[in-house]
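Read-outs throughout are calculated quantities, based only on the coordinates presented, and are distinct from any laboratory measurement. Every value quoted in this text rests on a predicted model; they were computed, and no experiment measured them. Because the Cβ atoms are built from the backbone with ideal geometry, glycine has one as well, and the counts that use them run over all protein chains shown.
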Amino acid sequence: MGAFVSPTPAEILALEPEAADELLEELERNVPVQPSLLPLRGAEEAFVFGDSHGDWRSTQELVTRWLTLDPPALLVGLGDYVDRHPDDCPNGSVANALYLLSLAARFPQRVVLIQGNHETARRLPVLPRSLPEEIDDLWGPRDDRYERLVGLLERGPVAATTESGVYLAHAGFPRERPPGRWAGAFERPDDDALADIVWAECDASRNRRGAAPAWGRADLDRFRQDSGLGVFLRGHDPDVVGRPLYDDRCLTLHTTRIYERYGGVIAARVPLGSRIDSVRSLSVEHLPSEGRSYRSAVD
């Protein structure tokens with residue numbers, strides 16, 4: 001059997017229902033199931049992106065850039081790959097999710113898709129939720145396609161760490177942690193712990209969605225002390241994108257044009273070797289899709 005060939009977003013949007021089902025079957029065979037808390041290893045650097053929300057055009061720009069990195073880097077997403085797609089990416093949640101999952105199938109040791117609140121919607125409901133309607137619009141009503149696609153997204157971890165001292169998650173960290181065993185809070189997290197990880201705003205943000213209490217500087221300092229980690233890379237809160245927070249210990253990334261007015265369409269290059277205790281040690285890149293709109297949904 002040959003290596004898995006990942007389709008482009010345009011090719012995914014053009015699939016007939018039978019071919020879409022075949023793609024789901026291939027992904028179910030090839031996308032790895034990862035632990036809730038994943039140590040990132042196997043490269044000198046990670047290319048980390050934030051919420052992409054169906055903006056497959058920005059994701060393509062990201063992947064094009066990632067594939068040029070030498071030596072090869074990990075590609076790590078911080079969650080929220082679906083829902084809220086830009087107008088020039090109709091059915092973009094489906095295209096974006098399947099494109100990223102196809103890359104995870106093709107490069108299982110190099111692509112990590114951390115879950116956000118839009119990937120954990122079967123446990124903690126979220127609005128808006130356009131993914132089911134997008135699947136029906138593309139391939140007709142059939143419940144199992146939605147369940148299978150979400151099941152694939154749930155194979156990703158809810159958080160990751162690096163030996164260089166970086167913690168990566170969509171929104172926050174568990175508030176309740178076993179004494180002397182902080183990683184234990186990530187093992188089969190209950191709904192409260194999961195809400196802390198994928199829903200909690202930082203108190204520097206104006207957002208208050210109410211699913212989990214906001215965390216602040218003291219909470220982050222305690223988590224860093226418990227874990228021995230240096231900095232936190234996250235998504236979730238668009239209004240603080242690109243701003244180093246809490247004495248340069250936290251940085252929020254978004255990689256979608258839907259929220260580019262706050263801080264652009266950005267990703268970060270994260271060294272995995274030397275110790276990192278400030279987000280200013282990371283390199284932030286703005287993608288070429290920033291400020292652009294596109295005429296055709298598939299060109």
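In whole angstrom, note down how far apart the Cα centers of the range 58-73 and the range 99-163 are. So the separation of the two Cα centres works out to 21 Å. Between D21 and L124, residue separation times 0.36 nm minus the direct Cα-Cα distance comes to 34.4 nm.
Dividing the helix sum by the residues of the chain, where each DSSP H run of 4 or more adds -39500 (n - 2.57), gives a mean residue ellipticity at 222 nm of -9000 deg cm²/dmol.
Return the loop-located GluC sites (Glu not before Pro) in the range 41-109 (DSSP other than H, G, I, E, B) with at most 15 other Cβ atoms within 10 Å of their own Cβ; answer none if there are none. For GluC sites (Glu not before Pro) across the range 41-109 that sit outside H, G, I, E and B with at most 15 neighbouring Cβ atoms in 10 Å, the list reads E44. Where a ≥ b ≥ c are the square roots of the eigenvalues of the C-alpha gyration tensor, would you call the range 103-144 rounded, which needs a/c under 1.5, or, failing that, prolate if a/b is larger than b/c, or oblate? Verdict is oblate for the range 103-144. Note on D88 and E147: the model spin-label points, each 7 Å out from Cα along the C-beta direction, lie 3.8 nm apart. Ellipsoid fit via the Cα gyration tensor, the range 9-286: semi-axes of 28, 20, 18 Å, each the root of five times an eigenvalue, largest first.
Ordering Y246, Y294 by the number of other Cβ atoms within 10 Å of each residue's own Cβ, fewest first, gives Y294, Y246. What whole-number distance in Å separates the alpha-carbon centres of the range 182-240 and the range 28-53? The two parts, judged by their Cα centres, are 19 Å apart.
Most simply put, the chain has about 40% antiparallel DSSP beta bridges, counting only bridges with both residues inside it. Panel order for D83, D247, by other beta carbons found within 10 Å of each beta carbon, from fewest to most: D247, D83. Between E290 and R106, the modelled labels are 2.6 nm apart [label points 7 Å from Cα along Cα→Cβ].
Among residues other than E176 with Cβ under 15 Å from its Cβ, the summed charge is -2 (Lys and Arg +1, Asp and Glu -1).
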